[in-house]
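Visitor: I have a structure here, written as structure tokens, and I will follow up with some questions on it.
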Amino acid sequence: MATSPKELAMQMLQAMTAKNKAGILAVLSDDAILFDPHYPSPLMSGKEAIGAGLDFAFGMLKQPGWTILRSWESGDSVVFEVDTHHEMINGMMITPKQVFIVDVKDGKITSWQSFVPYPPPMPPA
């Protein structure tokens with residue numbers, strides 16, 4: 001069983017890479033939040049909302065992937081800087097840099113936030 005914030009976050013990244021929804025939800029607390037500007041609803045709260053977000057993501061992604069560039073762990077938190085390399089179902093590659101900030105309590109991820117170095121897309125005027 002993963003014990004440190006870094007180990008839990010790595011377990012979640014491995015489950016994301018495998019598109020293993022059950023594996024992702026298993027490492028999250030019941031009231032976890034996930035923030036990711038790439039989703040239709042960037043802020044998801046609770047396993048039901050996060051599960052719906054994962055269904056959206058897995059419907060778009062042929063193969064998700066990340067290369068960890070560096071990480072910092074302090075107390076109940078870990079931060080990753082990553083190079084993203086997602087293959088979309090249409091064959092397009094998405095390769096943004098991201099920073100993940102992950103918080104853990106009682107052996108479960110309570111918060112996973114993704115930050116990118118560009119502004120979010122704007123709705124049409």
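Visitor: When the Karplus curve 6.51 cos²θ - 1.76 cosθ + 1.60 is applied with θ = phi - 60°, which whole-Hz ³J(HN,Hα) does each residue of the stretch 55-67 get, with x for Gly and Pro?
Guide: Result, ordered by residue: 4, 4, 4, 5, x, 9, 9, 6, 8, x, x, 9, 10 Hz.
Visitor: Follow-up. Sequence-distant or interchain residues sharing an amide H contact under 5 Å with ALA32, placed H: which?
Guide: GLY46, LYS47
Visitor: Once label points are set 7 Å from the Cα along Cα→Cβ at both ASP83 and ALA26, what is their separation, rounded to one decimal in nm?
Guide: The two pseudo-label positions are separated by 3.1 nm.
Visitor: Now a separate question. What dipole magnitude, in Debye to the nearest 20, does the stretch 53-125 give about its Cα centre under +1 on Lys/Arg Cβ and -1 on Asp/Glu Cβ? The partial results should precede the final answer.
Guide: Values: 5 positive and 8 negative charges, 29 e Å.
Charge dipole of the stretch 53-125: 140 debye, to the nearest 20.
Visitor: Give me the dipole magnitude in Debye, nearest 20, for the stretch 5-115 about the Cα centre, with unit charges on the beta carbon: positive for Lys and Arg, negative for Asp and Glu.
Guide: Once rounded to the nearest 20, the dipole reads 260 debye.
Visitor: Here's a follow-up. Relative contact order for the stretch 60-125: what is it in percent, counting Cα pairs under 8 Å that are at least 6 residues apart?
Guide: Working: 121 pairs, mean separation 16.1, N = 66.
Normalised by residue count, the contact order of the stretch 60-125 is 24 percent.
Visitor: Using the alpha-carbon centroid of each, what span in Å lies between the stretch 9-42 and the stretch 81-109?
Guide: Rounded to whole Å, the Cα centres lie 10 Å apart.
Visitor: Here's another thing I want to ask about it. Expressed as a rounded percentage, what relative contact order does the chain have, with Cα pairs under 8 Å and six or more residues apart?
Guide: On the way: 232 pairs, mean separation 31.2, N = 125.
Relative contact order here is 25 percent.
Visitor: Two-decimal Rg/Rh of the chain from alpha-carbon positions, Kirkwood Rh?
Guide: Working: Rg = 14.0 Å, Rh = 14.8 Å.
Expressed as Rg/Rh, it is 0.95.
Visitor: Another one. If I histogram all Cα-Cα distances within the stretch 17-62 using bins 5 Å wide from 0, what percent of pairs lands in each bin?
Guide: Answer for the stretch 17-62: a P(r) of 5, 24, 34, 26, 10, 1 percent.
Visitor: Enumerate the lysines that LYS6 could reach by cross-link, defined here as Cα to Cα under 16 Å, with residues fewer than 8 away along the same chain left out.
Guide: Cα-Cα hits under 16 Å: LYS105, LYS108.
Visitor: Just need the relative contact order of the stretch 25-84 here, percent rounded to a whole number, with Cα pairs under 8 Å and 6+ apart.
Guide: Numbers: 62 pairs, mean separation 12.7, N = 60.
Averaging sequence separation for qualifying contacts and normalising by length gives 21 percent for the stretch 25-84.
Visitor: Here's a follow-up. At 222 nm, what helix-only mean residue ellipticity would the chain give, in deg cm²/dmol to the nearest 500, using -39500 (n - 2.57) for each DSSP H run of four or more? Show your work: numbers first, answer last.
Guide: Details: 3 runs with 33 residues, N = 125.
So the helix-based figure for the chain works out to -8000 deg cm²/dmol.
Read-outs throughout are calculated quantities, based only on the coordinates presented, and are distinct from any laboratory measurement. Please read all numbers here as calculations on a predicted model, not as lab measurements. Note that each Cβ is placed from the backbone with ideal geometry, even for glycine, and that neighbours are counted across all protein chains shown.
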